[in-house]
Amino acid sequence: MISVGILLYPQLLLSSVILPAEMLRAADNFYRARQRSRQRMRIHIASLDGEPTGGEGQIRLSPNCSVDKLAEVDLLYLPAMWRNPDPVVQQQQAILPLLQSLASANRLICAVGTGSCFLAEAGLLDGKPATSHWHHIEQFAARYPHVQIKKHHLITRAGNLYCAGSINSVADLTGHFIERFYGPGVAREVNAHFSPEIRRSYRDSGYIEGEFNTHHDEVIIDAQQWLQQSYAEDVDFGQMARRFSMSQRSLNRRFSQATGLTPGKYLQQLRLNHARELLRNSNLSVAEIASEVGYHDLGYFSTLFRRYMAQTPTGYRKSVRGKLFKLS
């Protein structure tokens, strides 16, 4: 049985609770329908005082268990908060030992928006990458100077600790957790029904601690991150080399030594991965997707995609698109 916890506290943003809970519930239903099995996931909702709580409106959420139950969960969500999070964090200090215990047991913790303040307050993000809601990120950086703030990333991961800077980002992360718990087929089905719009995948949009740490060339790490942000543009590798204060020959040599790929092959891989996501999650035409990821020649894009995926773009789209929405 998979156990998911959601911690309630004052000023929480209701959508940061409801959206992941609904996605997880749908995933369990899809899985049960496919496998003809019983319920596989339970969602535990708790607050420190056991009382209902809510955000700015009249809607309030009620706990369905005691806070002690959250010590046993496989995944814990820390919702986002409205307005200044500091007073809530100070009032809810009793949360911190729970987070420290879960982290030491290598359980997954997902902080949404300013919910990342609880992880930082517990000392769990010291020396680690993290993000938060853009409106409070400067305040976050000032209050927790030992945290490696990633202002340009809406998702960060440091081991078992995840931060999502927005509601869309927590949807991306929840899709990632669903794939981890139920497999890619169920994750695709949930994403197709909850996120049919254009959306970057968790792996493509997130900052993952250790993702670039298989090598130690900091300049090439910066180059990789720049390509991730610029993949849809017309990239001139000579200009790119000058951007990082080296010759194009040195860029090619160092990039290949560090990553095993030339800059051109790395860029191609980024573009085709993004094309896969658009084919799966959007209704853009193949020509529009080719242009969206930086290819202006549809025939060339189709040839590259078929070589990369052993399917045409249209064939891939047909194979991954979700079926009719049906819960049992």
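Here are the numbers:
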item	result
Full-stretch length increase - S230, Q139 - with 0.36 nm per residue and alpha-carbon distance subtracted	29.9 nm
Distance in nm between pseudo-label sites at S245 and R42 (7 Å out along the Cβ direction from Cα)	5.8 nm
Over the stretch 2-203, equivalent-ellipsoid semi-axes from the Cα gyration tensor in Å	25, 19, 16
Ordering of 173-184, 264-275 by packing [mean C-beta count within 10 Å, highest first]	173-184, 264-275
Label-point separation in nm, A33 to A310, each point 7 Å along Cα→Cβ	2.9 nm
Three principal axis lengths of the stretch 36-94 [C-alpha, angstrom, descending]	45, 26, 18
Kirkwood Rh in Å, taken over all unlike Cα pairs in the stretch 65-149	13.0 Å
Antiparallel %, DSSP beta bridges [both residues in the chain], to 5	25 percent
Alpha-carbon gyration tensor eigenvalues x 5, square-rooted, for the stretch 215-320, Å	28, 13, 12
Computed P(r) (all Cα pairs; the stretch 221-282; 5 Å bins; percent)	4, 18, 29, 25, 13, 6, 4, 2
Within the stretch 2-203: Cβ-based charge dipole about Cα centre, in debye rounded to nearest 20 (Lys, Arg +1; Asp, Glu -1)	760 debye
Between the stretch 269-287 and the stretch 17-45, the alpha-carbon center distance in angstrom	27 Å
Net length gained if the chain between Q100 and D297 were fully extended (0.36 nm per residue, minus Cα distance)	65.7 nm
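Computed from the coordinates by the stated procedures, all read-outs in this text should not be read as laboratory data. Remember, it's a predicted structure, so these values are computed and weren't measured experimentally. Using ideal geometry, Cβ is built from the backbone for each residue, glycine included, and neighbour counts are taken over all protein chains shown.
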